[in-house]
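Read through the structure below, which is laid out as structure tokens, and then see the notes.
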Amino acid sequence: MRVLIVGANGHVGRLLIKQLLAKGDEPIAGLRPEEDGEDWEDQGITVRRIDLLEKPERIASTMMDTEAIIFAAGSGGRTRDDMTLLIDLDGAVKTMQAAEIAGVQRFLMISMLFAEDRNRWADPLKPLYVAKFYADNWLVHQTHLDYTIVQPGALSFHPGTGLVKSDPLAVGSISREDLARFLVAALHAPETIGKTVPLLSGDQSIKQVIDQL
């Protein structure tokens, strides 16, 4: 499957490309216009320049030959709140609109745990929760995409174990490596379509969690 990773130079984006290659898929590295893509090109990976501040029609032109999209982009912790809204919210929505324009049906979204529950939003991440809340709702209610929303707990740099759990009431963390593994598995699992999946480190295999959805 040809899969466009929006935000490929991020920590999770890089792991996604590694996992997709291991699965036999063909990842496409979606990068900001100013980012260096030479490393990906040296590995034979196609690079697409995606400006999330552009209009959806322009973003769609980078997607015409892809079969799925994973939205892994973010404004980052060092930007102001306005960029959180422009990238994590409006950029995500424009990517969804672009996918529909380009005819790409499969769409995976990285959200965050408790994004749908305002009572669980904590400072200083409230602007990011707001962005994820409205982006997730747009994906579910305003598109016809075959979506999967994954809501990870706090992301760690620990090595992945391949053991996870999906518990809407639990708190905790998950390694970026296991998040990437789950996303790639979900991409190929039709039973994840139309599902929102809280995800934490746990004691079940990724297959077991998917089978229980």
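Per-residue SASA remark: residue 34, around 130 Å² accessible (1.4 Å probe; ligands, DNA and RNA not included).
Working from Cα pairs under 8 Å separated by at least six residues, relative contact order for the chain is 18 percent. For the stretch 115-213, dividing the convex hull volume of the Cα atoms by the residue count gives 96 Å³ per residue. With unit charges on the beta carbon (Lys/Arg positive, Asp/Glu negative), name the residue among 180, 161, 201 whose Cα is farthest towards the positive pole of the charge dipole of the stretch 156-213. Checking the options against the dipole of the stretch 156-213, the answer is 180. What the phi angles of the stretch 60-65 give under the Karplus curve with 6.51, -1.76 and 1.60, with θ = phi - 60°, is a coupling list of 4, 5, 8, 10, 4, 10 Hz, glycine and proline written as x.
Computed from phi, the 3J(HN,Hα) profile of the stretch 111-121 under the Karplus parametrisation 6.51, -1.76, 1.60 (θ = phi - 60°) reads 9, 8, 4, 6, 4, 8, 10, 4, 5, 9, 6 Hz, with x in place of Gly and Pro. The residues of the chain expose on average 48 square angstrom of accessible surface per residue, using a 1.4 Å probe on protein heavy atoms. Computed extension length for residue 144-residue 118: 6.8 nm, one decimal, from 0.36 nm per residue of separation with the Cα-Cα distance subtracted. Using Cβ point charges alone (K and R +1, D and E -1), the dipole size of the chain about the Cα centre works out to roughly 360 debye. Remark on residue 172: its backbone amide H falls under 5 Å from those of 154, a criterion applied only to residues 5 or more positions apart or on other chains, H modelled at 1.01 Å from N. Between the C-alpha center of the stretch 158-199 and that of the stretch 31-97 there is a gap of 22 Å. Amide H to amide H distances under 5 Å link residue 194 with 147, 148, where only residues 5 or more positions off or on other chains count and H is placed in the peptide plane. For the stretch 40-130, trypsin sites (Lys or Arg not before Pro) are listed when DSSP marks them as loop and at most 12 other Cβ atoms sit within 10 Å of their Cβ; the list is 78, 80. Would you mind telling me the antiparallel percentage of the DSSP bridges in the chain, rounded to 5? About 10 percent, rounded to the nearest 5.
When the Cα positions of 122, 64, 111 are compared along the charge dipole of the stretch 28-128, 122 comes out farthest toward the positive end, with charges on each C-beta of Lys, Arg, Asp and Glu. Take every Cα pair under 8 Å whose residues are at least 6 apart in sequence, average their separation, divide by the length of the stretch 57-126, and the relative contact order is 44 percent.
For the stretch 181-191, 3J(HN,Hα) computed residue by residue from phi via the Karplus equation (6.51, -1.76, 1.60; θ = phi - 60°) reads 4, 5, 4, 5, 5, 5, 3, 9, 10, x, 5 Hz, glycine and proline entered as x.
Using a probe of 1.4 Å on the protein chains alone, the accessible area found for residue 203 is around 120 Å². The tail of the calculated P(r) for the chain beyond 32 Å holds 9 percent of all Cα-Cα pairs. With a Förster radius of 35 Å applied to the beta-carbon distance between residue 58 and residue 203, the computed FRET efficiency rounds to 0.20. With all protein chains in place and ligands, DNA and RNA left out, the 1.4 Å accessible area ranks 71, 157 as 157, 71, largest first. Just need log10 I(q)/I(0) for the stretch 134-180 at q = 0.19 Å⁻¹, Debye formula, equal scatterers on the alpha-carbon atoms, no solvent, rounded to two decimals. With one equal scatterer per Cα and no solvent, log10 I(q)/I(0) is -0.72. Atom-type composition of the exposed protein surface of the chain places 51 percent of the accessible area on carbon and sulfur (1.4 angstrom probe). Counting only heavy atoms of the protein chains and using a 1.4 Å probe, residue 15 has close to 40 Å² of accessible surface. Computed with the Debye formula from one identical point scatterer per Cα of the stretch 113-153, without solvent, the log10 of I(q)/I(0) at q = 0.15, 0.28, 0.33, 0.35 Å⁻¹ comes to -0.36, -0.99, -1.19, -1.26.
Divided by 2.2 N^0.38 Å, where N counts the residues, the Cα radius of gyration of the stretch 43-153 comes to 1.06.
The values are calculated or read from the model by the stated rules, or taken from the named source; none is laboratory data. None of the values given here were measured: they were computed from a predicted structure. No Cβ is skipped: glycine too gets one built from the backbone with ideal geometry, and neighbour counts run over all protein chains shown. Heads up: the accessible areas ignore ligands, DNA and RNA and are worked out on the full protein's heavy atoms, side chains in. Shrake-Rupley method; radii C 1.70, N 1.55, O 1.52, S 1.80 Å.
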